[in-house]
Each structure stands twice: as structure tokens, then as C-alpha cells.
């Protein structure tokens, strides 16, 4: 148990550096692995998810050397190499690792075994595996279309046109697009299912493919084509993870005062950029400064009725803030969050209500009616975003014990340290 630091209505004044984006780091690692020349990644995120991705690439033969530059920033130098098995890859509970690495492993020669945390066996992977099988890849998944599994790669893929139902995760589309340039005929991916979640993450994939030199056509709705071709290694700085900024920005809303997030990009494909508008609607004032993005609050929080379908990963922090608002909130379009690290809708309802809250859930929505909360335990279900949500509530509700704060290492190397740094200015 980690006792969440209590601050009450004491305003904060702090500037903080958020570590690099997990989504950008792991996409950059995949693209660097299939490029024709080495890449240098400055300020990559070091977290469990990115370390698992790097370990998986090393297992397939890719060279990744870690160093520190003269400014004290971390650098990962990635050297492409032929991909070979046999290899064993631990995906942990990382969606990007369990979905992005199997298509890459299909380009390797030999057997590649995949396994992960118990929850990873329950998370959807079938559409990616079915697509790979349609492309001629031999996969032993015991007819479960889930982890654990073994890919028997032939060393190459012809590619072609693939139809896929990505209604449960946009990562299914990104997984195939990222390795499209390495396929003999490239790839065309057509989404044929229900509403596609997290479109910004696909936009990120397309933008990064183009950054590495790929030719991508995304002019048709729900269809993306990547032509075969050689990618060029990049010397790039990884943006700060804007989704991870959500709990830190929340401090200004919940306690009052101001928080500045250093190096916030003026233009980005990260879904977390939506926080600027969302937290403005909830009572904050958001402005760019020379140092980054500053959010100011006066301790008064307004409820919000919003569709978070494209930015679902922001839901836990927004729900925590909404539970402390002066009016009800409805967070809609988030049914796909039931398939994330845990069923986030049920988990948020259970934990906030366990503290005296009043939250109801529908299949794809949460309705939050602010009430007087009390101390208690906030369970996290091994979900990093549940843990940070508990910390946000603990700012103004004394006596919140967050279970397994270490789960935040999934995307933040030292959340407790950063949290303490911000709260103490």
C-alpha cells in the first residue's frame, strides 16, 4: 500500500518534466528495427513496456545500445540486423508489445515464442493473428488466437490486402502498418468492424511511417496502404508522454495553482493533447509559455459530458477529477476500455464508489455524480492508470491507500518520485 500524499486546498506552483511517450518510443523502436540504417532515439521512455519492447527486439537480433549524452539525457542507438529465431519474448501486459512484435517476428527466420503476464492471455489479439495467418504465417496458438503462442517465421512476407476488425483496439491496424514497408508487396489494411477506437494512435503510426520514409496512403476512410520500400534511420527526440501528463495536470485543477509541463509540443498526433481542451472545459486555464504548457486552476472543478472514444486512455484521470467536481459528468464512448489492462469502467466505478462516491456504468459509459468521499483503499488491478487516478483523489481526500503503486512503472519509471517533486514545487 502507498499512502497518497494529501495536499488539501493548498495551491501548487510547479514545473515538471514528463518522461518520453511510450507510444512514440515503441513505434520508433519497431521502425528503427526494419530501417536500412541505424537510428538514434533521444530521451526515450524507460519503463516496463519500453524495456520489454527493447528486450524483444534484442531477442530477434536487433542491436540496441543505451548511453547518456553530454546533457545527461538518455540515448538508445538502434542498429538493424537480419531477424532470426529461435527466440522467446516476454510481452508483460503491454498492448504495444503483444501486438506490434508478432508481425515483426513473422519477418524473422525460425521459431519465436511469445508469452506474458496472466492478464495478457485475456487481452484481444485474434485479429492480428488471423491477419498474419491470411498472409501465410504459421502460428501455433492452440486455436485460442491468444497468448501464449509460437510463430514459425519464413524470413519474409509477401503482404497484400487484409481486412481486419479493429473495433476493440486500433493497435491491430498499427501492428500491420508498421511492418508494411518490409513486405514484398507492401500492405493494405481495411477496417471492417464497428466503430474504430483511438484514431489518433493510427494517425501517429502513419505520421511516424512517413517520418522514416515510408509511402502511406490514408486518403480512404478506414483503409490504409503502405508501399514496400527501404526506411531510413532517424536521429529523433521522443516527445513527452502527454497521456501521462494527465494526473500531473490534474493537480492544478484539484488543489488550485499552476503546473507547467515542459516541452509540450505545439503540434502532435498524441491523443493526450486533447487534455488542453478537456481540462479547460472542467474549469482550468491552459496556455503555452516559453517553458511548456501551463495549466492553472482555482480549486473549482466543473463536470463534463464528453465522448472519449478517441482518447480513452485519458479516462481514469478524468474520472478521478470528475469525482471531485461541482456537477455530474458523463464519460461516453469508452466501452473498449473493458479490454485494457483491466476492465477500466467496472474498476473505476468500484473504486470510486468504495470511497463513498456515486458512479454508475453502462456498456460504454460512466456517469459520475460527485458526493462527499472518504478515506479508504484504492485498488489498481495491476493497471497503471488506475493507480494514478487514486493518487489524484488522494490529493484532497486524506487517507487514500493506493494498492501496488509500482504498477505505474508500466509507463512511468518513478511516478511516486515525480508526484512528490511536483507537490513540493
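Derivation of every value follows stated rules applied to the coordinates shown; laboratory data play no part. Since the structure is predicted, the reported quantities are computational estimates derived from the model, not experimental observations. We place every Cβ from the backbone using ideal geometry, glycine too, and count neighbours over all the protein chains shown.
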### Query
Which part of region 270-306 falls in the paramagnetic zone of residue 327, meaning amide N under 18 Å from the point 7 Å along Cα-to-beta-carbon?
277-285, 298-306
### Summary
The FRET efficiency for residue 398 and residue 163, from their Cβ-Cβ distance with R0 = 56 Å and rounded to 0.05, is 0.55
### Cα-projected label distance for residue 51 with residue 223, points at 7 Å along beta-carbon direction, nm
4.4
#### Entry: Likely footprinting exposure, 364, 32, fewest C-beta neighbours within 10 Å first
364, 32
### In range of the label at residue 144: residues from region 107-125 whose backbone nitrogen is under 15 Å from the point 7 Å along Cα→Cβ
113-125
### Query
Say a paramagnetic label sat at a point 7 Å from the Cα of residue 42, along Cα to Cβ; which residues of region 71-96 have their backbone N under 13 Å from it?
71-76
### Task
Specify the inter-centroid distance of region 400-425 and region 376-395, based on alpha-carbon positions, in whole Å.
10
#### Entry: DSSP-defined antiparallel bridges as percent of all bridges, the chain, nearest 5
65
### Full-extension gain in nm, residue 9 to residue 154, via 0.36 nm per residue minus C-alpha separation
46.1 nm
### Query
How big is D for the chain, in µm² s⁻¹ as a whole number, if Stokes-Einstein is applied with the Kirkwood radius of its Cα pairs at 37 °C and 0.692 mPa s?
150
### Query
What is the order of 343, 49, fewest Cβ neighbours within 10 Å to most?
343, 49
### Message
Run the simple label-point estimate for residue 88 and residue 406 please: 7 Å along Cα→C-beta, distance reported in nm.
### Response
2.2
### Query
Ranked by Cβ crowding within 10 angstrom, fewest neighbours first, how are 98, 208, 236 ordered?
236, 208, 98
### Query
After finding the eigenvalues of the alpha carbon gyration tensor for region 82-227, what semi-axes result from the square roots of 5 times each, listed largest first in whole Å?
23, 18, 13
### Query
Distance in nm between label sites at residue 374 and residue 290, each 7 Å beyond Cα in the beta-carbon direction?
5.1
### Message
Counting just the Cα atoms, what span does region 1-112 cover along each of its three principal axes? Round to the nearest Å and put the largest first.
### Response
59, 36, 18
### Task
On a C-alpha basis, how far is the centre of region 257-300 from the centre of region 94-141 in Å? Whole number, if you could?
37
